[in-house]
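The values are calculated or read from the model by the stated rules, or taken from the named source; none is laboratory data. Owing to the predicted nature of the structure, the values given are computational and were not obtained by experimental measurement. For neighbour counting, all protein chains shown are included, and Cβ atoms are generated from backbone atoms with ideal geometry for every residue, glycine included. These area figures cover heavy atoms from the full protein model, side chains too; ligands, DNA and RNA do not enter into them. Shrake-Rupley method; radii C 1.70, N 1.55, O 1.52, S 1.80 Å.
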Amino acid sequence: MVGASGGVGSTAVQPAHAWGAHVTTVAGAANAAFCRELGADVALDYATTPPSALKGQFDAILDCHGSSVRDYRRALRPGGRIASPSAGAIPFALLSLVLPGPRVRLLMAGPRRADLKTLADHVDKQDLRPVIERVYPLDEIQDAHRATETGHARGERVIRLVRRRPPQVPNSAG
């Protein structure tokens, strides 16, 4: 799983582990222990483990980052699949329709009731814990976008759309 410490990756690692998959993650070195906490069996550092070093090792890859789809495609065994929610994977998904070798699939998900129930069940069973890197107030949305543009994350970034109201103090006068 490439980009395993980000919002999608940190969510995907947990049920994959719970379902018994052998999970190898690729993230920054600073996030290796975090990926293992989420359930990764192996945590690789993208800076020291190039995709070329992984040739033919995987049946399936979820590339949450999308910046090296072509290179990670080569890390698949024959018949393997790579999926990515990243727009960067679009050209590779189209090319994989006509080129030989593993297919690249785009992941696009909507809020389907059955899927949300499955996720809620995993949260209830503690197979899945939401990971939130930071909650930004709405007036700091530019900071949230800048942080997202770095391509580095540890969980999700959340925008709080409404201000919390201060607790109501009972009026003792009267």
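Annotations for the structure displayed:
- The chain, helix-only ellipticity at 222 nm - DSSP H runs n ≥ 4, -39,500 (n - 2.57), divided by all residues, nearest 500: -8000 deg cm²/dmol
- Each peptide in 99-107, 70-78, 139-147 receives the mean, over its residues, of other Cβ atoms within 10 Å, and ordering these scores from highest gives 70-78, 99-107, 139-147.
- Per-residue 3J(HN,Hα) values for the stretch 21-36, derived from phi via the Karplus relation 6.51 cos²θ - 1.76 cosθ + 1.60 with θ = phi - 60°, read 6, 7, 10, 10, 10, 10, 7, x, 4, 5, 9, 4, 5, 4, 4, 5 Hz in sequence order (x marks Gly and Pro).
- Labels on offer are (1) 14.0; (2) 19.0; (3) 12.4, and the one holding mean projected area of the Cα convex hull in nm² computed from this structure is (1).
- Here the accessible area is traced with a 1.4 Å probe on the protein chains. For the stretch 11-104, carbon and sulfur cover 59 percent of it.
- Here the accessible area of the stretch 121-164 is 49 percent carbon and sulfur, with a 1.4 angstrom probe and all protein chains present.
- Nearest-ten-degree value, helix 7-18 long axis tilted from longest Cα axis of the chain: 70 degrees
- Efficiency of FRET between residue 134 and residue 99 - r from beta-carbon atoms, R0 35 angstrom, step 0.05: 0.30
- Were the residues from residue 160 through residue 60 laid out at 0.36 nm apart, the gain over their Cα-Cα distance would be 32.5 nm.
- Where the chain is the region considered: accessible area per residue in Å², 1.4 Å probe: 66 Å²
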